[in-house]
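> Encoded as structure tokens, here's the structure I'll be asking about.
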């Protein structure tokens with residue numbers, strides 16, 4: 001079991017680099033607006049979509065999800081109480097988000113759709129679909145903050161990472177939803193991206 005936990009922690013390192021850069025340009029987009037967000041995405045996408053880099057990243061995601069679910073399946077989470085239970089549940093929440101989100105991105109790219117901000121925001125500007133996507137994005141970013149905060153709390157013995165990163169995840173999740181809905185800046189997703197939602 002310790003080898004599974006070690007592998008889970010090791011694959012978290014490259015994923016952290018990706019997620020920090022991914023969330024950082026989302027945060028800048030919140031502050032500066034959709035056009036700046038789209039422009040800033042270009043260099044990040046150019047790097048992370050290099051075939052070798054993307055393959056390693058997808059492999060790390062797969063290992064991270066598999067090892068996390070294996071730890072859960074073996075019953076460790078259900079014997080835990082308190083904060084460790086929250087770490088398990090937040091991991092499951094984020095793993096579910098990754099499976100849906102990465103699958104949707106890869107499928108859309110295979111069909112020739114540009115998976116930029118418009119792709120991510122289309123559901124937030126497509127009527128009742130927003131009732132799914134608002135909690136979907138908010139829960140995912142909050143779960144990431146919570147899961148990371150608890151992991152750092154366990155590794156460092158410091159209590160502050162848990163409340164700080166959980167609150168930051170919740171705030172960023174809500175902010176991203178408001179940005180994608182066009183409620184922070186004047187932003188309308190072009191029809192070609194919204195067409196998939198009817």
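> Quick check on region 30-59: of everything there that is free of Cβ contacts under 8 Å to residues at least 40 places away in the same chain and in contact with a helix residue (DSSP H, G or I) (Cβ under 6 Å, 6 or more places away or on another chain), which residue is surrounded by the most Cβ atoms within 10 Å (Cβ to Cβ)?
Looking at residues that are free of Cβ contacts under 8 Å to residues at least 40 places away in the same chain and in contact with a helix residue (DSSP H, G or I) (Cβ under 6 Å, 6 or more places away or on another chain), I get 40.
> Going by the conditions given, is residue 130 surrounded by fewer than 19 Cβ atoms within 10 Å (Cβ to Cβ) and closer than 26 Å to residue 193 by Cα?
In short, yes.
> Go through region 111-147 residue by residue and tally those that are over 24 Å from residue 39 (Cα atoms) and without any contact (Cβ under 8 Å) to a residue 24 or more places away in the chain.
Residues in region 111-147 being over 24 Å from residue 39 (Cα atoms) and without any contact (Cβ under 8 Å) to a residue 24 or more places away in the chain: 4 in total.
Only the coordinates and a few stated rules stand behind these numbers; no lab work does. All values reported here derive from a predicted model rather than from experimental measurement. When we count neighbours, we look across all protein chains shown, and the Cβ atoms used for this are built from the backbone with ideal geometry, even at glycine.
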